[in-house]
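The values are calculated or read from the model by the stated rules, or taken from the named source; none is laboratory data. This is a predicted model, so every value here is computed, not measured. Counting neighbours? That spans all protein chains shown, and the Cβs are built from the backbone with ideal geometry, glycine included.
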Amino acid sequence: MDYRSSRAGALLRGLSLVCSVGVLFVIFSSAAAEPFQCNSSGTCDALVDYVLPNSTTLSRIQTLFNVKNLTSILGANNLPLSTPPQRTFPANQTVKIPFPCICTKGATGKSNKLPIYTVVPNDGLYHIAAEVFSGLATFQQIQAANNISNANLIYVGQKLWIPLPCSCDQVDGQMVVHYGYAVPARSSVDGIAQQYNTTADVLLRLNGLASPNDLKAGAILDVPLKACASMVSNTSLDYPLLVPNGTYTLTATNCVKCNCDAANNWTLNCEPSQTKSSVWSSCPSMQCQGTDNLYLGNTTSSSCSRSTCAYAGYYNNRTISTTTALDSTCPASDNNSSAMSMQGSWKRNLWLFVLVQVLVLCVWI
């Protein structure tokens, strides 16, 4: 046996194995997950689009989805706190619905036993799913969630749990608010990604889409919403306080209003809500400790720095915690970032070169 031929054959067989494993790795690593999949168990807050089937009021929407506080809907849609419950919205307008989500590892996330719908005369599961709730759940999903053996047999007064789609998973190691986005006609994956500060690749992966061409109008797309960074302690009753861009929330028994604006460097901005507490007789002091005597939401500036009295959480003993957040306002040098960018570019080019060489060898084999 020719030693060189033997070595060459072994090398070729080894490369063939590497190519096969590499192909399998690409196939399995790119396999898309099911939409609203839960890779861990837990509860969280979620959002979903409700496309109004007819003209209706905020009060009726709140009742239909069993939303405890109207302010939750107002905050999710960035409507003024003064908006009355009788405010009417026209048919086909989209309203974001906040709701509690429950995740079970290895399953699809669902709204946590809400909303509960009461069957009225002439109702059917298909009508409830497609028309009352605008396709947020299929009639088969409602049937399964309520252990109904015959989809054609429901009775007036029956209470039905409507399982809204959701997830509590982190996305690429980051805590997010999962938003069930009702896809309008003539939408694109790139356009949705740009609108909601994510990437097309993330949307494709989360929603099990092999290609942007698989996006369908009317589908409920899992869109992960980045939340503003906050100073809330992990011992606070509202931790983690996740407020997405363009929304606000009332917290600390309604004493504090926090809003998120990406233009504010993705930093959560909190201030006294000027509304009555839902639990306490009155809202406690929200003063930051220090020489500036700042109160929640107040800011003071000096040379190259800015101090803000930030919200840090609340507790059952009628305490609202605050802390002073310091920000640098001087321009930073770009030298380090440029060096890091060049280093990252060099590494990417090296990996690309290696990948091309392996693929060439695979084709040759």
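A few comments on the model shown:
- Criterion (assigned by TED's automatic domain parsing to the domain that holds Pro184, touching a Phe, Trp or Tyr at 6+ places or on another chain (Cβ under 8 Å) and either at pLDDT 95 or above or not in a strand (DSSP E or B) (or both)) met by exactly one of Ile97, Ile142: Ile97
- Checked against (1) in a helix (DSSP H, G or I); (2) assigned by TED's automatic domain parsing to the domain that holds Ser307, Asn254 passes all but a single condition, namely (1).
Okay, residues lined up against (1) modelled with pLDDT of 90 or more; (2) more than 14 Å from Met231 (Cβ to Cβ); (3) touching a helix residue (DSSP H, G or I) at 6+ places or on another chain (Cβ under 7 Å); (4) in a strand (DSSP E or B):
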site	(1), (2), (3), (4)
Gly246	yes, yes, no, no
Ala263	yes, yes, no, no
Cys270	yes, no, no, yes
Ser281	yes, yes, no, no
Cys330	no, yes, no, no
Arg348	no, yes, no, no
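- Boolean, Asn254 is in contact (Cβ under 8 Å) with a residue 60 or more places away in the chain and surrounded by 13 or more Cβ atoms within 10 Å (Cβ to Cβ): yes
- Within the stretch 120-135, the only residue that satisfies the criterion of being hydrophobic (A, V, I, L, M, F, W, C), in a loop (DSSP other than H, G, I, E, B) and either in the same structural domain as Ala219 (by TED's automatic domain parsing) or under 18 Å from Ser55 (Cα atoms) (or both) is Phe133.
- Residue that is surrounded by the most Cβ atoms within 10 Å (Cβ to Cβ), among those in the stretch 49-66 that are touching a residue at least 40 places away in the same chain (Cβ under 8 Å) and outside any helix (DSSP H, G or I): Phe65
- Yes/no for Thr88 being touching a strand residue (DSSP E or B) at 6+ places or on another chain (Cβ under 6 Å) and free of Cβ contacts under 8 Å to residues at least 40 places away in the same chain: yes
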